[in-house]
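The values are calculated or read from the model by the stated rules, or taken from the named source; none is laboratory data. Treat the numbers as computed from the prediction; the structure is a model and nothing was measured. Note: ideal-geometry Cβ built from the backbone for every residue, glycine included; neighbour counts use all protein chains shown. Heads up: the accessible areas ignore ligands, DNA and RNA and are worked out on the full protein's heavy atoms, side chains in. Shrake-Rupley method; radii C 1.70, N 1.55, O 1.52, S 1.80 Å.
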Amino acid sequence: MCLLDIDNFKKLNDRLGHEVGDNALVHLVSVARRCMRPSDTLARYGGEEFVILMPDTLLDQGVEAMVRLQRELTKAFFLSGKEKLLITFSAGVAQLAPDETGANGIKRADRAMYLAKRAGKNRVMAG
């Protein structure tokens, strides 16, 4: 599973307005869905955070999938009027142990995501 958070989202909302912020979220989801497998699930987790469930995926494969999504986002600029905006995210990826609860997996992914933010944003970390 992966928990991702759009980098500098509050600045985007403050500078360009909530409608542009909402459209940026839709843009992220659109690009993510193009990169995902049919078995993966994407859900908004709150604010500008999303969770992606990737069944039957090893930890390093999950990290690779999120890095691919970051690359796709850099190719697919988000347009606000005539302004091209680069949307980036920081992500934490965790692989559930057989006896682990989903809530505990989310906590580990969340910790890894905050490590990615502290390391400079636009990064993916395993937790």
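Some points to look at:
- Among residues of region 27-49 that are within 16 Å of Cys2 (Cα to Cα), those with a beta-carbon under 6 Å from a residue that is part of a loop (DSSP other than H, G, I, E, B) and among the β-branched types (Val, Ile, Thr) at least six positions away or on a different chain give the pairs Leu28/Ile87.
- Test for Leu58: is it farther than 18 Å from Lys121 by Cα and either touching a residue at least 24 places away in the same chain (Cβ under 8 Å) or among the acidic types (Asp, Glu) (or both): yes
- Applying the criterion of being crowded, with 17+ Cβ neighbours inside 10 Å and under 14 Å from the mean Cα position of the chain (by Cα) to the residues of region 1-23, the residue that is farthest from Lys107 (Cα to Cα) is Phe9.
- Filter result (open to solvent by less than 20 Å² (accessible area, probe 1.4 Å) and under 17 Å from Arg44 (Cβ atoms)) within region 79-115: Ile87, Phe89, Ser90, Ala91, Gly92, Ala109, Met113
- The residue of region 24-78 that is nearest to Asn104 (Cα to Cα), among those that are open to solvent by less than 50 Å² (accessible area, probe 1.4 Å) and of a type in the set (S, T, N, Q), is Thr57.
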